[in-house]
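Working notes, structure below.
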Amino acid sequence: MIHPILRPLAVAAVLAGCASLPSEPRPDAAFVVLGAEGAPIARAVTTAATCPAITIDGRTATMAVRAPHSPIPLRGKHFSASFHPDAVSTPVLSCETPLPAGVKQVSVAGQPLPLPAAEPTRIVVIGDTGCRLKGKEFQDCNDPRAYPFARVAASAAAWKPDLVVHVGDFHYREDPCPADRPGCAGSPYGYGWDAWNADFFAPARTLLAAAPWVIARGNHESCARGGQGWWRFLDAHAYDPAANCDDPATDERADYADPYAVPLGGGAQLIVFDSANTNWRGFKPGDPAIARYTDTWRKVAVLARRQRYNIAVDHHPLYAYGASRDARTGAVTLFGGDAGLTQVFGALDPRLLPATIDVLLSGHVHLWEQTSFTSDHPTQFVAGFAGTAEDVVPLPKTPPAGQTPAPGAVLEAMSSWIDGFGFMTMERTGPDAWRVIVHDRDGKERNTCTVEGRRSRCAVPQV
């Protein structure tokens, strides 16, 4: 029995001992992705050998393994866009738990996770977020002015979205930083966890904690590039260890995934489709991708008949302009949407996407852009301006007469912002109406647009 005089000291000693007990370490990343029918999935990525605990409405269990604890293996120089056997890939474990309908509270290792709104009305749209290290193009990843994705993510989180839509291209750190480039010195590179964490999970932390995510796959996440990490960490589909981009022999399966719908309520939905392995030059006869993307289009069409208002989400724009400048003459040339998808989709419908698609959200071109048409084509938004090195060739306020971004599309309105980093937001104002705002990296409004059905118009043609 403890003497009453000593009792406070004993209690203090016990409390001190409790305070020093190790708590479960938090995973390197924890977030929520929405899959088919908007089903929420809690994800965690950890360098620990076991999955963390998840607490759902007061009940605690261990998360299930999505991909086992290991380094991401090298595919080999004959298959990868970049091959660096010296690139570091810390062993990492991917974990997940499907969340039940009506869940009220979820945390992973004590870290609260955001839950989906029944009818999300505030949506952040971002894309092309990684820091470019490849070939002859090197971005100063260590300079927050040159690579501002962490700032963009924090500003987008401060807007308090119900949902985040990422239109693809997460991973850009493919080659080692040159020895004479201090702006990216020490950056991890290659396709392992270290590069993925530096390029996406670490800078996106505030936004991952703010709202659930709907995620499209970009060409940087094709099997020949960052596809191994894509399947381990981000894809909303079930993980298939026999088609996860580790073995190039299975790329014909792993480079494609079925489209799926995420309900928004009020007769509206997002339809996410995978365009990662398209070819901007177009496909040669007999290319297996033709059959794959034909199947994608048909499944999108089935999904789009289920709701009255449909917003498609993919990486490659179909109805937008890009621009290139001739290095010798300085002449600027405009180009339209992706040639491979235009080829396949156009053989099924001259409009490219099914008639029940009203809006397309994409990335790939490193700028912000809006197009709207008097013809029966969806309005297009491009939001590829959240982090990676920007395109700097300006788009015209009005394209030359007769020049269209898609076959048969008659342009009515166009707006763009070149060489500026930021994010886009969509706030629902009616059954088929949205207020769109273009924000800079600090969250300041740079342009506003309205969407009514499949038509859109912005306040200024160029920011």
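Restricting attention to the stretch 141-158, report how many residues are more than 16 Å from the chain's Cα centre (by Cα) and open to solvent by 40 Å² or more (accessible area, probe 1.4 Å).
Looking only at that region, the number is 6.
Looking at the stretch 376-396, can you tell me whether even one residue there is modelled with pLDDT under 95, farther than 30 Å from residue 443 by Cβ and aliphatic (A, V, I, L, M)?
No, the stretch 376-396 has no match at all.
Just to confirm my filter: which strands (runs of 3 or more DSSP E) fall fully inside the stretch 324-422 and include at least 3 residues that are buried (at least 21 other Cβ atoms within 10 Å of the Cβ) and out of contact with any His (no Cβ under 7 Å at 6 or more places or on another chain)? Steps first, answer last, please.
Values: elements: 332-335, 359-362, 368-373, 379-383, 411-417.
Those strands (runs of 3 or more DSSP E) span 359-362, 368-373, 379-383, 411-417.
Are there any pairs, at least 6 apart or on different chains, whose C-beta atoms fall under 8 Å, with the first in the stretch 316-332 and touching a residue at least 12 places away in the same chain (Cβ under 8 Å) and closer than 22 Å to residue 372 by Cα and the second of a type in the set (Asp, Glu) and open to solvent by 20 Å² or more (accessible area, probe 1.4 Å), and if so, which?
If the second residue must be of a type in the set (Asp, Glu) and open to solvent by 20 Å² or more (accessible area, probe 1.4 Å), the pairs left are 322/391; 323/391.
Surrounded by fewer than 24 Cβ atoms within 10 Å (Cβ to Cβ), more than 30 Å from residue 117 (Cβ to Cβ) and among the acidic types (Asp, Glu): does that describe residue 440?
Numbers: surrounded by fewer than 24 Cβ atoms within 10 Å (Cβ to Cβ): yes; more than 30 Å from residue 117 (Cβ to Cβ): no; among the acidic types (Asp, Glu): yes.
Judged against the criteria, residue 440 is not a match.
So is residue 173 in contact with a helix residue (DSSP H, G or I) (Cβ under 6 Å, 6 or more places away or on another chain), under 28 Å from residue 65 (Cβ atoms), touching a residue at least 12 places away in the same chain (Cβ under 8 Å) and crowded, with 22+ Cβ neighbours inside 10 Å or not?
yes
Suppose we filter 65, 32, 92, 125 for residues that are closer than 27 Å to residue 258 by Cα and surrounded by fewer than 16 Cβ atoms within 10 Å (Cβ to Cβ); which single one remains?
Working: 32 fails: surrounded by fewer than 16 Cβ atoms within 10 Å (Cβ to Cβ); 92 fails: surrounded by fewer than 16 Cβ atoms within 10 Å (Cβ to Cβ); 125 fails: surrounded by fewer than 16 Cβ atoms within 10 Å (Cβ to Cβ).
None of the others qualify; the one that does is 65.
Is at least one residue of the stretch 97-120 out of contact with any His (no Cβ under 7 Å at 6 or more places or on another chain), among the hydroxyl-bearing types (Ser, Thr, Tyr), open to solvent by less than 40 Å² (accessible area, probe 1.4 Å) and under 18 Å from residue 214 (Cα atoms)?
yes
Could you grab me the full set of residues in the stretch 257-316 that are of a type in the set (Phe, Trp, Tyr) and farther than 23 Å from residue 230 by Cα?
Across the stretch 257-316, the qualifying residues are 283, 309.
Run down 258, 246, 251 and say which single residue is touching a Pro at 6+ places or on another chain (Cβ under 6 Å) and open to solvent by 10 Å² or more (accessible area, probe 1.4 Å).
On inspection, the qualifying residue turns out to be 246.
The values are calculated or read from the model by the stated rules, or taken from the named source; none is laboratory data. Note that the structure is predicted; figures quoted are calculated from it, not measured. Quick reminder, even Gly has a Cβ in these numbers, built from the backbone with ideal geometry, and neighbours come from all protein chains shown. Note: areas computed on protein heavy atoms with side chains; ligands, DNA, RNA excluded. Shrake-Rupley method; radii C 1.70, N 1.55, O 1.52, S 1.80 Å.
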